[in-house]
Every structure is written in C-alpha cells, then in structure tokens.
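Asker: For reference, the structure I am asking about is given below.
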Amino acid sequence: MSDIEKIKQLRQSTGAGFKDCSAAIEESNGDIDKAAEILRVKGISKASKKMSRTAKEGVVAVSGDEKKISVIEVNCETDFVAKNNDFVDFVKELSEINNSTNSIIETLKKTKMKNSKSVDDNLIALISKVGEKITIGRSKTFAQDGSIKFKYSHTIVKDNLSKLVVITSLESGDNSDKLKNFGKQLSMHIAASNPLALSTETIDKGIIDKESDLINEELSNTGKPDDIVKKISIGKMNKFKEENALLTQDWVMEPKKKVKDIIKELDIKDLKIKDFFRLKIGE
C-alpha cells in the first residue's frame, strides 16, 4: 500500500486532516495503527490546550418518546461550528446514547459510538478536527412510570437539535388529545416563562434568600418606618414567588388566568405536573 493510500485510510478512520495524517504516517514509518495512536495523543494535546477557552454556543439535543425522554447540551465556541456537519452528526448520535444511559454522563462518555470508539475519544477527535473547545454540558432524562412525556424545541438548528428545549412529564389516567394538547402548550409556556420550580413552596431556599437580601437592601434607604418596610418586603417576596412558580404563573396563552386555573378548567382525571426541565444554550 502506498503512502497516499495509507493517508487516505487514516483520514477515513480518524477524521484528521491530510497534513496531520501525512505527518503521522511519516513518524510511524508507514504503520497505520501507530499513526492512529500518534494522532490520538496529539488530538488529546490539542484538545487540552483549548479547554481554557469559553464555549457558550452550541445546541441542545432531545431524544425519546412519551414513555422516556432526554435532553443534553453540547457547547462549542461559535455558532458556525454548531451548524458544522461533523458537530451535528456527533451530537445527534450522542443524544440517542444519552437517552439510553439515562443522562449518566460518566457512563455516556465511556459508551462506544457507531465507529466503535468511545464518546470521549470521538469528542477529542472532533475538537482536534474543528479547532474549537467542545464540551458536554447539562443533561436530564425523564423515565417515570405512569407519566406521559412532552417536548418543545425553540430555534431549531437541525432535526432534533435546537437552542432551547423543554421536556415535561405529566401524570394522569387520561391519554386524550386534550391532555396531549395541554402537554405541548405547557412545554411552550415553560420555554417562554422560565419558572424556577413547580410551586412557591419548592423554589430553592438559596434563591429565596438571595432575592430577600436584594429586596431588603433596596428598601433599607427609603426612610420608611420598619413596619411599612416589612409589609412591602413581604409583598415583593410573595410576588417574586408567584411569578417564578409554574402553577402560579400567568398562562402565556391566556394571561388573565394562572396555570393552576387552566389545569382546573381542563378537568382531566388525576392530572398532575410530575416534572419539567428547561435547557437553553448560554444560560
């Protein structure tokens, strides 16, 4: 086999550029396996040098069905790479693996992809090829028994890849079109309104404490009596909680009503919002 044929074969198996493959073939004295290992080590080196950069672009991928659904975020440095075919193909396959591994990232990274190489090895090769920092970010899987899963994708890049994805899990003995329509609309509402929690009682205490400190600081220099300041503070905190809890938010499709009012009006047997997850690139 000529060196040109070896370079061609090495490019096909590793995805590396012509120049890098040619240098690796020369360094390995024509041994393709050794050349592949040389490229792998150099790829790790290149990848590690790029890890200090900022990667705020990318895509969110969603995979699954109404029984089980998953999302995963993959970040890169530029929107140009986010639309690159190699990047897109990698994320689409990664998304399916994420769903099968229940968003357990350590398991995902060790899982073999279609080319028989691990996710980690493919990630390193992709970083080396496109020349940007690429990282696997947040992920979530909903696989609860007895619930129906819904999704909404906003600003679609390609197929199941977009800039924002919401997945929602509804529990009900019903599986009617009315329920399915609500599931889709609720996911759209969550995308637009970005609730922090399902109810006012379940908002993270750290967030509540931080907001309370900001309100108290704001009111400290008003010169108002302490009892008035306390009433204003309570009112502002109650408003903050209501605006950031899903059930008490104004329904996007009909703002004069709350989400909980819509659920009551639907009159669907045993309907309960089991869980939701909103994932947006850059947030």
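Bear in mind these aren't lab numbers, they're just calculated from the coordinates by the rules spelled out. Just so it is clear, the structure is predicted and the values come from calculations on it, not from any experiment. Here the Cβ positions follow ideal geometry from the backbone for every residue, glycine too, while neighbour counts run over all protein chains shown.
Asker: Does anyone have the angle between helix 119-130 and the longest principal axis of the chain? Alpha-carbon axes, 0 to 90°, nearest 10?
Answerer: Value to nearest ten degrees: 80.
Asker: Using the per-residue mean of other Cβ atoms lying within 10 Å as a proxy for protection, in what order, highest first, do the peptides 56-68, 104-116 fall? Intermediate values should be presented prior to the final figure.
Answerer: Values: 56-68: 19.9, 104-116: 13.3.
Packing proxy ranking, top to bottom: 56-68, 104-116.
Asker: On a straight-distance basis, which lysines could pair with Lys230 in a cross-link, Cα separation under 16 angstrom, same-chain partners fewer than 8 positions away excluded?
Answerer: List returned: Lys239.
Asker: Place a +1 charge on the Cβ of each Lys and Arg in the chain and a -1 charge on the Cβ of each Asp and Glu, then give the dipole magnitude about the Cα centre in debye, rounded to the nearest 20.
Answerer: On the way: 50 positive and 46 negative charges, 39 e Å.
My answer is approximately 180 debye.
Asker: Once both labels are modelled 7 Å past Cα along the beta-carbon direction, what's the Glu254-Asp86 spacing in nm?
Answerer: Once both label points are built, they end up 5.2 nm from each other.
Asker: Per residue Cα convex hull volume for the chain, in cubic angstrom?
Answerer: 160 Å³
Asker: Now for a different question. Compare the Cα positions of Gly223, Thr202, Val60 along the charge dipole of the chain (+1 at Cβ of Lys, Arg; -1 at Cβ of Asp, Glu; about the Cα centre) and return the one farthest towards the positive end.
Answerer: Positive-most Cα among the choices belongs to Val60.
Asker: On to the next question. Whole Å is fine, so just give me how far the alpha carbon centre of region 191-214 lies from that of region 138-183.
Answerer: Each part's Cα centre sits 22 Å from the other's.
Asker: So what is the relative contact order of the chain, in percent, for Cα pairs below 8 Å that sit 6 or more residues apart?
Answerer: So the answer I get is 19 percent.
Asker: Compute the angle between helix 32-50 and the longest alpha-carbon principal axis of the chain, please, reported from 0 to 90 degrees and rounded to the nearest 10.
Answerer: 40 degrees
Asker: Can you list the lysines whose alpha carbon is less than 24 Å from that of Lys6, not counting same-chain residues fewer than 8 positions off?
Answerer: Lys19, Lys34, Lys42, Lys46, Lys114, Lys117, Lys129
Asker: How far, in degrees from 0 to 90, does helix 85-100 lean away from the longest principal axis of the Cα atoms of the chain, to the nearest 10?
Answerer: Computed tilt is about 60 degrees.
Asker: How much length would be gained if the chain were fully extended between Lys110 and Glu201, taking 0.36 nm per residue of separation minus their Cα-Cα distance, in nm to one decimal?
Answerer: Details: separation 91, 0.36 × 91 = 32.76 nm, distance 3.86 nm.
That works out to 28.9 nm of additional length.
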